[in-house]
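The values are calculated or read from the model by the stated rules, or taken from the named source; none is laboratory data. Quick caveat, the model's predicted, so the values are computed rather than measured. Here Cβ is always computed from backbone atoms with ideal geometry, including for glycine, and neighbour counts include all displayed protein chains. Heavy atoms of the whole protein, side chains included, go into the accessibility calculation; ligands, DNA and RNA do not. Shrake-Rupley method; radii C 1.70, N 1.55, O 1.52, S 1.80 Å.
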Amino acid sequence: MGWLDSLRGVAILLVVLLHAGEALRVAVGPTVGVDQVNLFLEPFRMPVLMFLSGMLLPQSVAKSGREYFAGKISMVAWPYLLWSVIILAASGDLRPATLAQVFFLSPTYLWYLWFILIFYIVAYPLRRVPPLMMSFVLLAVSLVLPDASRSETMVFLAGFFFFGAWCTQHVRLVERTISKPWVLVLAAAAAVTVGVLNAAGRDVLYRGEYAWGVVGALGVVCWVFPLLRAGHATAALEFIGRYSIVFYVAHLGPIMITLALADAVGLAGEWFMLPLLLLVGIGIPLGLAWLYSTRDHLSVNLLFELPVLKRRARDRAPHPPRSRAL
């Protein structure tokens with residue numbers, strides 16, 4: 001479904017906006033309007049990405065164990081480990097202790113990939129457990145975990161990962177539910193309420209007691225995005241969504257380098273800095289994504305996947321027996 005890629009594309013662009021705004025705020029102070037927009041959207045960005053990843057889970061767990069885990073190592077674990085090392089090296093913190101944290105703490109902004117990898121590892125042995133039950137249990141557990149802790153964040157987002165899997169299994173039910181006007185109104189009101197509370201300074205981020213606002217936001221976007229007409233804009237968003245891994249891992253470096261150069265020449269506080277940071281934060285990953293999509297450059301491909309590992313697992317996977325004529 002193309003709208004899934006479009007929605008993922010929007011979510012990943014909002015992540016770039018977040019980091020560009022935060023980098024500029026640290027360098028020169030508050031950015032009028034941008035900080036408020038980022039705060040309003042903060043409760044929804046990562047849950048939406050987790051939800052969309054979860055929607056792909058039923059298709060993934062239908063594969064053999066060898067093919068399933070080879071795919072996750074190739075497409076998730078490999079870029080996470082590689083780019084963690086790249087980021088730590090660029091920041092001058094390539095110490096053994098910090099490298100060890102990559103495996104159990106995720107010391108960089110790539111914690112989303114670390115979470116996703118853990119969720120996929122857990123999901124396969126639990127593939128016969130109803131995902132909606134998993135979602136309810138995880139969100140309930142998040143209520144009793146320490147506020148603002150890494151464990152609370154992980155469990156909360158895992159709840160929406162499995163909620164996405166359940167929605168894939170019950171697409172027609174979800175479509176009928178969110179198409180009702182009164183449901184949409186309530187969903188929009190819930191989402192706006194949680195967004196406003198977060199922008200006003202209320203601690204709602206990744207809190208189980210405010211999960212209803214995230215569910216509301218998901219209901220709204222899952223109703224809106226399938227209605228979008230095909231065109232150049234949606235095609236661009238779909239491309240970004242399909243190659244969101246590239247934008248996620250490669251956007252912050254260009255932003256920070258550009259900001260450092262602008263600060264060195266005294267231009268960091270100028271009005272055009274935010275558009276410039278967005279331009280490099282989107283444009284450079286876009287170029288990498290285009291090269292990656294051609295599959296013609298092995299060096300670029302290896303930045304984001306281990307194709308040999310996936311190919312070997314696929315070749316070794318048992319093929320279904322041919323049907324015999326009666």
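Observations, loosely collected:
- Residue check for residue 220: surrounded by 17 or more Cβ atoms within 10 Å (Cβ to Cβ) and among the β-branched types (Val, Ile, Thr): yes
- Candidate set: the range 257-275, residues that are hydrophobic (A, V, I, L, M, F, W, C) and buried (at least 19 other Cβ atoms within 10 Å of the Cβ); chosen: the one farthest from residue 56 (Cα to Cα): 262
- The residue pairs whose first member lies in the range 248-270 and is closer than 27 Å to residue 81 by Cβ, whose second member is among the basic types (Lys, Arg) and buried (at least 20 other Cβ atoms within 10 Å of the Cβ), and whose beta carbons are closer than 7 Å, counting only pairs six or more residues apart or on different chains, do not exist in this structure.
- Condition met for residue 127 (within 24 Å of residue 63 (Cα to Cα) and basic (Lys, Arg)): yes
- Selection from the range 223-244 of residues that are surrounded by 22 or more Cβ atoms within 10 Å (Cβ to Cβ) and not aromatic (Phe, Trp, Tyr): 237, 240, 241, 244
- A count restricted to the range 297-316 and to residues that are aliphatic (A, V, I, L, M), at pLDDT 65 or above and part of a helix (DSSP H, G or I) stands at 4.
- Yes/no for residue 290 being farther than 15 Å from residue 9 by Cα, open to solvent by 70 Å² or more (accessible area, probe 1.4 Å) and among the aromatic types (Phe, Trp, Tyr): no
- Answer from 84, 6, 53 - the residue that is within 24 Å of residue 120 (Cα to Cα), free of Cβ contacts under 8 Å to residues at least 40 places away in the same chain and buried (at least 18 other Cβ atoms within 10 Å of the Cβ): 84
- Qualifying residue in the range 140-157 (condition: closer than 20 Å to residue 61 by Cα, of a type outside the set (Lys, Arg), at pLDDT 95 or above and part of a helix (DSSP H, G or I)): yes
- Residue within the range 281-296 that is part of a loop (DSSP other than H, G, I, E, B) and modelled with pLDDT under 95 present: yes
- Counting the residues of the range 162-176 that are β-branched (Val, Ile, Thr) and without any contact (Cβ under 8 Å) to a residue 12 or more places away in the chain gives 1.
- Given (1) under 30 Å from residue 144 (Cβ atoms); (2) at pLDDT 95 or above, number of the condition residue 203 does not satisfy: (2)
- Search result, residues across the range 26-40 that are open to solvent by 40 Å² or more (accessible area, probe 1.4 Å) and either under 16 Å from residue 199 (Cα atoms) or small (Gly, Ala, Ser) (or both): 27, 30, 32, 36, 37, 39, 40
- Any chance residue 269 is of a type outside the set (Ser, Thr, Tyr), in contact with a helix residue (DSSP H, G or I) (Cβ under 9 Å, 6 or more places away or on another chain) and closer than 12 Å to residue 28 by Cβ: yes
- Residues in the range 87-114 that are part of a helix (DSSP H, G or I), without any contact (Cβ under 8 Å) to a residue 60 or more places away in the chain and open to solvent by less than 30 Å² (accessible area, probe 1.4 Å): 88, 98, 102, 114.
- Within the range 136-157, the set of residues being among the polar types (S, T, N, Q) and within 15 Å of residue 118 (Cα to Cα) comprises 151, 153.
- Single unsatisfied condition, residue 206 versus (1) part of a loop (DSSP other than H, G, I, E, B); (2) surrounded by fewer than 17 Cβ atoms within 10 Å (Cβ to Cβ); (3) within 18 Å of the chain's Cα centre (by Cα): (2)
- Residue in the range 9-25 that is within 26 Å of residue 187 (Cβ to Cβ) and at pLDDT below 95 present: no
- Selection within the range 115-135 - open to solvent by 60 Å² or more (accessible area, probe 1.4 Å), in contact (Cβ under 8 Å) with a residue 40 or more places away in the chain and part of a loop (DSSP other than H, G, I, E, B): 127
- Looking across the range 160-195, the residues that are of a type in the set (D, E, K, R) and either in a helix (DSSP H, G or I) or surrounded by 15 or more Cβ atoms within 10 Å (Cβ to Cβ) (or both) come down to 172, 175, 176.
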